[in-house]
1. Seen from all sides and averaged, what is the projected area of the convex hull of the Cα atoms in the chain, in nm²?
2. Take the Cα radius of gyration of region 194-245 and divide it by 2.2 N^0.38 Å, with N its residue count; two decimals is plenty.
3. P(r) of region 111-245 in 5 Å steps, Cα pairs, percent per bin?
4. Which value in nm describes the separation of the simple spin-label points at residue 73 and residue 191, placed 7 Å from the Cα toward the beta carbon?
5. Using the structure shown, list the pairs from 50/237; 182/231; 56/189; 182/207; 14/153; 58/143 with a Cα-Cα distance above 28 Å, or answer none.
6. With a 1.4 Å probe and every protein chain left in place, work out the accessible area per residue of the chain in Å², rounded to a whole number.
7. Over region 1-115, what per residue volume does the convex hull of the Cα atoms give, in whole Å³?
8. How large is the dipole of region 5-240 about the Cα centre if only Lys and Arg carry +1 and Asp and Glu carry -1, each at its Cβ, rounded to the nearest 20 debye?
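The values are calculated or read from the model by the stated rules, or taken from the named source; none is laboratory data. Since the model is a prediction, treat every value here as computed from it, not as a measurement. All Cβ positions, even for glycine, are placed from backbone atoms using ideal geometry, and neighbour counts span all protein chains on display. These accessible areas exclude ligands, DNA and RNA; they are computed on the full protein's heavy atoms, side chains included. Shrake-Rupley method; radii C 1.70, N 1.55, O 1.52, S 1.80 Å.
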Amino acid sequence: MRKPLIAGNWKMNKSALLAEEFANEILEINLDDQVEALICPPFTAIDRFKKTICDKVKLGAQNLSEREEGAVTGEISAEMLVDLGCDYVIVGHSERRDYFKESSEIVRLKAEKAIECGLVPIVCVGESLEVREEGRQNEFVNKMLRDSTENLKGEFVVAYEPIWAIGTGKTCSPEDAEAMCKNIRETLKEMGHAADDIRILYGGSVKPSNISGLMSMENIDGSLVGGASLKVEDFVKLVNYKGEI
């Protein structure tokens with residue numbers, strides 16, 4: 001049975017001090033141990049967060065280099081993240097694909113490097129409003145998924161980002177999200193992956209008010225959360241979506 005995963009992506013928010021304050025608050029709160037809680041802080045806050053939170057919440061990074069080491073200014077390697085105590089790393093987030101023009105080939109190389117070093121990559125895929133309105137969403141996401149996870153050996157997570165519903169005024173209903181996550185699982189199965197064991201997260205404006213509806217869907221195993229993971233109260237409600245602990 002797939003264990004639910006609530007992954008908080010802080011993006012470029014919170015200093016090391018603020019991360020420590022967040023961790024200290026979480027330490028005083030009961031979290032559902034049937035749900036895996038994960039925070040991905042900025043690189044500069046990873047060490048302080050890990051030392052404060054210990055093992056109560058899993059630790060992840062927001063990106064890594066596909067290279068092992070060398071003259072690559074501004075990059076960080078998988079081994080460096082492992083050394084900091086990371087368990088997971090996000091690869092291919094829509095913002096990385098858009099702003100930094102990361103191709104699916106680069107995303108796959110990053111995922112391979114993560115697995116090789118003992119990290120679990122969270123591979124992000126998703127389609128734009130234009131693609132959705134043209135009815136090509138399954139075809140588009142399937143190609144991105146195939147190109148990003150082809151021949152991956154080891155544990156990985158997939159996160160579906162409905163880019164078409166972020167900042168557009170459009171809404172991705174739980175049924176819309178489930179349809180795409182089911183499509184993703186079927187594609188993973190066709191690729192020869194152990195699809196029934198792979199967790200698929202939904203990552204589009206997840207909040208305490210809509211988490212229960214999303215988590216009731218058969219093929220949604222958790223969420224990749226942005227803004228709602230920055231506040232302790234909201235993050236705790238997401239992790240404890242089944243009810244009070």
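1. Values: hull surface 49.7 nm².
Across all orientations, the chain yields a mean hull projection of 12.4 nm².
2. On the way: Rg = 11.3 Å, N = 52, 2.2 N^0.38 = 9.9 Å.
Scaled against compact globular proteins, the figure is 1.14.
3. Bins of 5 Å from zero give 2, 10, 20, 22, 20, 15, 9, 3, 0 percent of pairs.
4. 3.5 nm
5. 182/231; 56/189; 14/153; 58/143
6. I get 47 Å² per residue for the chain.
7. 115 Å³
8. On the way: 27 positive and 42 negative charges, 74 e Å.
Taking the Cα centre of region 5-240 as origin, the dipole is about 360 debye.
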